[in-house]
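Trainee: Quick one: this structure, given as structure tokens, is what I'll be asking you about.
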Amino acid sequence: MLIVPEREISNLMTREAASSAVERVFAAMASKDAYNFPVIREAIGHEEALYGFKGGFDKAGMALGLKAGGFWPNNLEKHGHINHQSTVFLFDPDTGMVKAMVGGNLLTALRTAAASSVSIKHLARQDAKVMGMVGAGHQATFQLRAALEQRPFEKVIGWNYHPEMLPNIEQVAEEAGVPFEAVDLDGMVEADVIISITSTFAPTIMADHITPGTHIACMGTDTKGKQEVEAALLAKSTIFTDEVAQSISIGEAQHAVSSGLLAESDVHQIGAVINGTHEGRTSDDEITLFDGTGVGLQDLAVAASVVDLAVKKGVAIEVDF
Ligand code: NAD
């Protein structure tokens, strides 16, 4: 069995590798060569932790396994560890034997950033110039860094519920050499592409904040009850997602579907656009919305990719197991 420790991931994994791994697995999901298993997520009644498993099998990429982990809200304060903790386990699909154990913390951030960036690649207008960010927490910095590589953006505009956090994303824009401007939510009408990545349970982005032709990637809603955008916005958008079942139950589409504004059949897999079986954006006036809910297959795809890189660089630890 191979071990790739968390400390090695930042030296190995690139945004490009994460993006191709995620793009490939989204395509495999749409062609039914890969499927996710039902997600387990439990409040374990200890340390206020939420713990669970996300797994699946990608027959095209021959990746079988799971990510185990969750959220320990007291970690940083009590133990000096980050609050999100996860580990990916990969198994040999031919024998069921364990193949690899891989640190999953940074990989989770990179695979999530890759999802919105793949959506921009396939759904945003080619002439997109202004990148809008709603959210400025831990994950927002990863999303913005990856997004800025998809189009020659000339400006980043940002809004956050906690304005004191805006320097987090301002710094990323500056590092990429793109000017940054803090705006209020009405100012988002200037954006050609928007990523929302917040943990809110009440919508902040309203239908009026979005102009025709915008692509919006909603990345924060991954649980029942969370909501970043007004349901009416979904009704006037063409909706894409990583996985339809998650989008309508725990993703951004849950609210529009439960209120009857949207049918399940209105939600399309982004993998179909990647495969060319869905036409994707059809006009410069269309609003496209990607509901990125986060699937286990994304974790397996980036973990398999990093194991290959670790073997090539000779840093995978081999143990007799
Ligand atoms: P974080 O705690 O670092 O940041 C939270 C963000 O939400 C900040 O911008 C904060 O200002 C904002 N926020 C908090 N309360 C708000 C409110 N009431 N209204 C509006 N904004 C508010 O968290 P993070 O790691 O950046 O994660 C952000 C979200 O993304 C979380 O909901 C997390 O579960 C989700 N997430 C999704 C995926 C996926 O695959 N889709 C992956 C990782 C994280």
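The values are calculated or read from the model by the stated rules, or taken from the named source; none is laboratory data. Note that the structure is a prediction, hence the values are computed from the model and not measured. Every residue, glycine among them, receives a Cβ derived from its backbone with ideal geometry; neighbour counts consider all protein chains shown. Side chains are part of the model used for accessible areas, which takes the heavy atoms of the whole protein and leaves out ligands, DNA and RNA. Shrake-Rupley method; radii C 1.70, N 1.55, O 1.52, S 1.80 Å.
Trainee: Please find, among Ser199, Ser249, the residue that is small (Gly, Ala, Ser) and more than 25 Å from Ile157 (Cβ to Cβ).
Mentor: Residue meeting the stated conditions: Ser249.
Trainee: Name the residue, out of Ala140, Ala100, Ala113, that is more than 13 Å from the ligand (Cβ to nearest atom) and open to solvent by less than 40 Å² (accessible area, probe 1.4 Å).
Mentor: Numbers: Ala140 fails: more than 13 Å from the ligand (Cβ to nearest atom); Ala113 fails: more than 13 Å from the ligand (Cβ to nearest atom).
Just a single option satisfies the conditions, and that option is Ala100.
Trainee: A further question follows. Restricting to region 194-219, name every residue that is near the ligand (Cβ under 10 Å from one of its atoms) and open to solvent by less than 10 Å² (accessible area, probe 1.4 Å).
Mentor: Ser196, Ile205, Ala217, Cys218
Trainee: Of the residues in region 188-205, how many are under 16 Å from the mean Cα position of the chain (by Cα) and among the small types (Gly, Ala, Ser)?
Mentor: The number of residues fulfilling the criteria is 2.
Trainee: Hey, could you check region 282-300 for residues that are open to solvent by less than 10 Å² (accessible area, probe 1.4 Å) and among the β-branched types (Val, Ile, Thr) and say which is farthest from Ser237 (Cα to Cα)?
Mentor: Looking at the filtered set, the residue picked out is Val295.
Trainee: Quick one: count up the residues across region 3-35 that are outside any helix (DSSP H, G or I), surrounded by fewer than 22 Cβ atoms within 10 Å (Cβ to Cβ) and in contact with a strand residue (DSSP E or B) (Cβ under 9 Å, 6 or more places away or on another chain).
Mentor: 4
Trainee: Might you let me know whether region 235-252 holds any residue that is touching a Cys at 6+ places or on another chain (Cβ under 9 Å), modelled with pLDDT of 95 or more, closer than 23 Å to Ala34 by Cβ and buried (at least 20 other Cβ atoms within 10 Å of the Cβ)?
Mentor: There is at least one residue in region 235-252 that is touching a Cys at 6+ places or on another chain (Cβ under 9 Å), modelled with pLDDT of 95 or more, closer than 23 Å to Ala34 by Cβ and buried (at least 20 other Cβ atoms within 10 Å of the Cβ).
Trainee: Let me ask something additional. Tell me which residues, restricted to region 179-193, are among the β-branched types (Val, Ile, Thr) and open to solvent by less than 10 Å² (accessible area, probe 1.4 Å).
Mentor: As a first pass, look at region 179-193 and keep what is among the β-branched types (Val, Ile, Thr): 183, 189, 193.
Passing the criteria: only Val193.
Trainee: What is the residue count in region 278-316 for residues that are of a type outside the set (Gly, Ala, Ser) and outside any helix (DSSP H, G or I)?
Mentor: Here is the first cut: in region 278-316, the ones of a type outside the set (Gly, Ala, Ser) are 278-279, 281-282, 284-291, 293, 295, 297-300, 302, 306-309, 311-313, 315.
Retained after the next criterion (residues that are outside any helix (DSSP H, G or I)): 278-279, 281-282, 284-291, 293, 295, 315.
Matching residues across region 278-316 total 15.
Trainee: While we're looking at this one, here's another question. Given the criterion surrounded by 21 or more Cβ atoms within 10 Å (Cβ to Cβ), within 16 Å of the ligand (Cβ to nearest atom) and among the hydrophobic types (A, V, I, L, M, F, W, C), identify the matching residue among Ala303, Ala310.
Mentor: Checking each option against the conditions leaves just Ala303.
Trainee: Go through region 64-86 and give me each residue that's closer than 25 Å to Glu48 by Cβ and either more than 16 Å from the ligand (Cβ to nearest atom) or part of a loop (DSSP other than H, G, I, E, B) (or both).
Mentor: The initial filter retains those residues of region 64-86 that are closer than 25 Å to Glu48 by Cβ, namely 66-86.
Correct list: Trp72, Pro73, Asn74, Lys78, His79, Gly80, His81, Ile82, Asn83.
Trainee: Here's another thing I want to ask about it. Please list, ordered by first then second residue, the pairs with beta carbon atoms under 6 Å, 6 or more apart or interchain, first in region 254-281 and closer than 21 Å to Phe201 by Cβ and open to solvent by 60 Å² or more (accessible area, probe 1.4 Å), second not aromatic (Phe, Trp, Tyr) and not in a loop (DSSP other than H, G, I, E, B).
Mentor: If the second residue must be not aromatic (Phe, Trp, Tyr) and not in a loop (DSSP other than H, G, I, E, B), the pairs left are Ser259/Ala231; Leu261/Ala231; Leu261/Ala235.
Trainee: Would you tally the residues in region 120-137 being surrounded by 24 or more Cβ atoms within 10 Å (Cβ to Cβ), of a type in the set (Val, Ile, Thr) and part of a strand (DSSP E or B)?
Mentor: Qualifying residue count, region 120-137: 1.
Trainee: Among the residues of region 160-170, is any open to solvent by 60 Å² or more (accessible area, probe 1.4 Å), within 18 Å of the chain's Cα centre (by Cα), charged (D, E, K, R) and within 13 Å of the ligand (Cβ to nearest atom)?
Mentor: no
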